[in-house]
4 protein chains.
Amino acid sequence: MLDGTWYCDGWDPNLKILHRIRATLFEGASEYQRVQVLDTHEFGRLLVIDGLPQAAERDEGVYARAITWPPLLSRRGPTRVLVTGGGDGHVAREALRFPDVARVVVCDIDPLITRVTRELMPFLWGEAPGDRRLEVRHEDALAYLQGLPAASFDVVISDITDPSGEGSASHHLYSDDYVRRIKRVLAPGGVCVAQAQELSVKDASYHGRLRGLLGGAFAHARSAAVFIPSFGYPEGFVYASDDAAALSAPRAVVTARLHAAGLADDPWFDADVYAAMFALPPRLR
Amino acid sequence: MLDGTWYCDGWDPNLKILHRIRATLFEGASEYQRVQVLDTHEFGRLLVIDGLPQAAERDEGVYARAITWPPLLSRRGPTRVLVTGGGDGHVAREALRFPDVARVVVCDIDPLITRVTRELMPFLWGEAPGDRRLEVRHEDALAYLQGLPAASFDVVISDITDPSGEGSASHHLYSDDYVRRIKRVLAPGGVCVAQAQELSVKDASYHGRLRGLLGGAFAHARSAAVFIPSFGYPEGFVYASDDAAALSAPRAVVTARLHAAGLADDPWFDADVYAAMFALPPRLR
Amino acid sequence: MLDGTWYCDGWDPNLKILHRIRATLFEGASEYQRVQVLDTHEFGRLLVIDGLPQAAERDEGVYARAITWPPLLSRRGPTRVLVTGGGDGHVAREALRFPDVARVVVCDIDPLITRVTRELMPFLWGEAPGDRRLEVRHEDALAYLQGLPAASFDVVISDITDPSGEGSASHHLYSDDYVRRIKRVLAPGGVCVAQAQELSVKDASYHGRLRGLLGGAFAHARSAAVFIPSFGYPEGFVYASDDAAALSAPRAVVTARLHAAGLADDPWFDADVYAAMFALPPRLR
Amino acid sequence: MLDGTWYCDGWDPNLKILHRIRATLFEGASEYQRVQVLDTHEFGRLLVIDGLPQAAERDEGVYARAITWPPLLSRRGPTRVLVTGGGDGHVAREALRFPDVARVVVCDIDPLITRVTRELMPFLWGEAPGDRRLEVRHEDALAYLQGLPAASFDVVISDITDPSGEGSASHHLYSDDYVRRIKRVLAPGGVCVAQAQELSVKDASYHGRLRGLLGGAFAHARSAAVFIPSFGYPEGFVYASDDAAALSAPRAVVTARLHAAGLADDPWFDADVYAAMFALPPRLR
């Protein structure tokens, strides 16, 4: 039955996904974007920004692991992590699960995202708010990057919203300038990861553009994709570094590091899932 | 753009109306029915019961006048009005605008409707809650009718929900027994009005059944229809009485009584609108 | 169940009407507009132009009578009728039912409409194609009006599509120039009728603009509205003339002329329906 | 814009996927099921049975490879393949690409599927219709299996529709009896593959039941999942055999056999994709 209340995902003009909702828990706008928290039947609480789904209670852990774990599994020793965007907390939460992570800075321009998710979607944050290694800043990522000393981070995770529509808060970040500034603050051998939109048989065009941006700045770049049910498509990610080894850990190494980090029994991630993320169909590579 | 949040009216399985919503203000259930108050773009606040629209901020006055004013315009002198259902208040509100109305009893089984509309849709109630002539009871209409003395009311307005689905709180009311009990409590020459579902070129089947029920119990019955934008169709009403004059006031009489009641400048109702309500296409009469 | 195939009406961005469809019988485009003929569950075959419903098997007769009969009922003697737009045939069909009508010219720029409706919706045309009084032309209405002698028609019916979107074939017709050209070809006391979009509690803005255009050119103008189920709203019409009597026939006259024309037993139209069309709520007059 | 015509997938009552359609190319019903061929914007021509998407022009090759190639890659020498269901042809097409395949029998109860796809979706069949190794039968799979000699096939691919709703043509096939009959016609070491519905973080319940059916009959069973954009979810498959080696080919073997079969340059499948299909998140294994 269509009867009832629904949220319609704004992603694709020719393929519409309607989520049955139980309630609108929050609806508001900051100076940067419109923000909703919806209670959906299929995916629990869902954060929506400018009409697009960002994180759902039921499967946000799949996304958060995919963007966070691969770069952290490729290294050992004290690791400094910068998250641009990411004001909803779950990327920081995942990074802080790694004991070697010494510091996590989240730089998201919009304090509303943080306020709303801390209150209505606390599972996104988990134990992170009480963790002394975490710093959350609300300022423009470009400006913050500019002011940082060179080589101040080992991993930069770009978890910004999609640049759909001129009004998107992250529109200006999809540029060579943004990538160059990220590269400058990375220590040698550091890794940059970016959420990179749909990557599937049906659509890989946006992904290709972002892959090009990162591939132009770093010596090596790899694409991966993970199906996110609440998005309705496989989300793409680009991992880039000047050090090829930082982008590709052998199976035994991944397993050993998961054990060392106390993450060996995770329900959603292991060495096989890690390998499968990168096993794109030949045409999409 | 379909993007956003929507309420889908459950009325017609082959013609779906989606209302863009700004927020879900209330979503809950009593032991009788599911109740929602939605903030819609087109119609303002909308009361929804069991998935069907009941009253919208923008056009509820059209419905409330259509069901209330005709029987009150056909009579003079102290008038006692019983509303079965009607727990959302606007039928009572309209009845109380007539100075000749001496008493209005609303008998709606579900206190949740009254509580939610008093709080979130106070415009439905207007000045009624402070009016000493009003009594609101929450009990089964059949039982209440049974316990009343004969001839205790001059007008009975049946404003119950549609009997769609076995679970409807009003399902058992669509019966000969219900109509006979109403007739018993009406004084001689009294009028019974019933909201009577869609009445249009597209669908008049439910209306026909209800018209038959009332036509079997009273000597005279007339149908009327008024387009309610938030329903998406012309709502039908049946007015029945043993006194034909109570169902059909001449134009001059209507105008005179509107003046006498201080309702001559109403934006939605006058003698022409009154006549037009009853001017159904020949096939639908 | 939403499952299945649907047509979504493009009219209102905040209130979407979905029609369940059985099949797409035609989908194509002329140089002027996109044209579809859909087989819908609720309304039978439906003509859609540029995404908006134009005429449905089940209720087209209501629309066609409302735009055609009132001006023809107000006069006697040989009547020459010009229809601008109207390439789907049903306005011509209704005009030709009046024996006094001497001639009907349909001037619609788009031959595709005529071809598709003649083939797939022959009920729109009825007996009209074999009627010697009918002439169908496919050219721009503005140019055709320009070339006509003054006072060559008694009734002009503007049945053009809504001016939604720059691409609409009729966009340039909503102008003072168009109305002045119509007035010039009308004989003294002639009537101009225009379909004039939604006219309801919910929306009357477009109607108001068109009413203004006609009201500026003619001494008298009246608005009417008729609920068209397949549109989901009451369609507005404006009737304009320099002769007030041509816009308002008394009940007895209407009944007499329906009898004289052999239309006394029509299922959708009689003198009461005629009066009710004009009985708008005071606020909408 | 929602405006236009849409097909709404009937799969999930709480998550609705609407495909914009250009046209309905076929809509009909056999004695077994309703069948549509729709021309969609995103996926080209789409076969729909009983309201559910079956195969789309744009991504059918992903599904067809996933169900067909793994069992054929695990063996060498003359191979006899039985497809139950599969009347749309693409599983047979993929099987016939392997030179070692000696015979393919498709046994689908409904000749309408075959007729409609041969005419409107010939890409599903490719060169198969002219291949002498192919036999297409239209009879009940249960009865056909019953009448076969034991050990007459090496691979059985169950490509039947989902058992949603009592009316499904395949409902009676989801049973121990069906699986036992398949096992009886398999030669020693043979493989049975079954399409096994959604397998994702969001839903794995149906898949689990089918996995249980096959796991009860064979010594070994493995699950895999491949995202099918036109379904909107990862489709699950179960591969079962008494010979564990038939279910798991090492990377080098897969690559060697793809080369031997002339399939080394396929755009959608290689040894990495093969491995990734089986790399389910630990919780879903």
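Starting from residues that are outside any strand (DSSP E or B) and either over 30 Å from A:ASP39 (Cα atoms) or of a type in the set (Val, Ile, Thr) (or both), keep the ones in the range D:32-42 and report whichever is nearest to the other protein chains (Cβ to nearest Cβ).
Within the range D:32-42, the match that is nearest to the other protein chains (Cβ to nearest Cβ) is D:HIS41.
Could you please find all residues in the range D:71-89 being buried (at least 23 other Cβ atoms within 10 Å of the Cβ) and in contact with a strand residue (DSSP E or B) (Cβ under 6 Å, 6 or more places away or on another chain)?
D:PRO71, D:VAL81, D:LEU82, D:VAL83, D:THR84, D:GLY85, D:GLY86, D:ASP88
Of all residues being over 18 Å from the mean Cα position of the chain (by Cα), within 7 Å of chain D (Cβ to nearest Cβ) and in a loop (DSSP other than H, G, I, E, B) in the range A:267-283, which is nearest to A:ALA225 (Cα to Cα)? Just the residue, please.
Among them, the one singled out is A:ALA279.
In the range C:9-31, what residues are over 22 Å from C:ALA204 (Cα atoms), facing chain D (nearest Cβ under 7 Å) and either in contact with a Leu (Cβ under 7 Å, 6 or more places away or on another chain) or hydroxyl-bearing (Ser, Thr, Tyr) (or both)?
Across the range C:9-31, the qualifying residues are C:ILE21, C:THR24.
From the list A:ALA55, A:ALA66, which residue is in a helix (DSSP H, G or I) and in contact with a strand residue (DSSP E or B) (Cβ under 8 Å, 6 or more places away or on another chain)?
Exactly one residue qualifies, and that residue is A:ALA66.
Testing C:TYR178 on (1) surrounded by fewer than 23 Cβ atoms within 10 Å (Cβ to Cβ); (2) within 30 Å of B:ASN14 (Cβ to Cβ), one condition comes back false. Which one is that?
Result: C:TYR178 passes all but (2).
What pairs come out if I take residues in the range A:113-129 that are of a type in the set (Gly, Ala, Ser) and pair them with residues that are assigned to a helix (DSSP H, G or I) whose C-beta lies under 7 Å away, six or more apart or interchain?
A:GLY126/A:ARG93; A:ALA128/A:ALA92; A:ALA128/A:ARG93; A:ALA128/A:LEU96
Determine whether D:ARG132 is modelled with pLDDT of 95 or more and assigned to a helix (DSSP H, G or I). Even if it seems obvious, please write down each step before you answer.
On the way: modelled with pLDDT of 95 or more: yes; assigned to a helix (DSSP H, G or I): no.
Criteria not met by D:ARG132.
Just name the residue that is farthest from C:PRO281 (Cα to Cα) out of those in the range C:191-240 that are touching a Phe, Trp or Tyr at 6+ places or on another chain (Cβ under 7 Å), of a type in the set (Gly, Ala, Ser) and facing another protein chain (nearest Cβ under 10 Å).
C:SER230
Looking for whichever is under 22 Å from D:TRP125 (Cα atoms) and touching a Gly at 6+ places or on another chain (Cβ under 6 Å) here; the options are D:VAL62, D:VAL35. Which one fits?
Residue meeting the stated conditions: D:VAL35.
Can you tell me which residue is surrounded by the fewest Cβ atoms within 10 Å (Cβ to Cβ) among those in the range D:32-62 that are in contact (Cβ under 8 Å) with a residue 24 or more places away in the chain and over 21 Å from the mean Cα position of the chain (by Cα)?
Taking the candidates together, the pick is D:GLU42.
Of the conditions (1) free of Cβ contacts under 8 Å to residues at least 24 places away in the same chain; (2) within 12 Å of chain C (Cβ to nearest Cβ), B:ALA256 clears all except one; give me its number.
Here B:ALA256 meets the rest and fails (2).
So A:PRO13 clears everything in (1) surrounded by fewer than 23 Cβ atoms within 10 Å (Cβ to Cβ); (2) free of Cβ contacts under 8 Å to residues at least 40 places away in the same chain; (3) touching a Ser or Thr at 6+ places or on another chain (Cβ under 8 Å) except one condition, right? Which one?
The one condition A:PRO13 does not meet is (3).
Is it true that D:GLY28 is surrounded by 23 or more Cβ atoms within 10 Å (Cβ to Cβ) and in contact (Cβ under 8 Å) with a residue 12 or more places away in the chain?
Working: surrounded by 23 or more Cβ atoms within 10 Å (Cβ to Cβ): no; in contact (Cβ under 8 Å) with a residue 12 or more places away in the chain: yes.
Considered against the rule, which asks whether it is surrounded by 23 or more Cβ atoms within 10 Å (Cβ to Cβ) and in contact (Cβ under 8 Å) with a residue 12 or more places away in the chain, D:GLY28 comes out as no.
Checking C:ALA150 against (1) exposed (fewer than 15 other Cβ atoms within 10 Å of the Cβ); (2) closer than 15 Å to C:ILE182 by Cβ; (3) within 18 Å of the chain's Cα centre (by Cα), which test does it fail?
For C:ALA150, the failing item is (3).
The values are calculated or read from the model by the stated rules, or taken from the named source; none is laboratory data. Note that the coordinates shown come from a computational prediction; the quantities given were computed from them, not determined experimentally. Backbone-built Cβ (ideal geometry, glycine too); neighbour counts: all protein chains shown.
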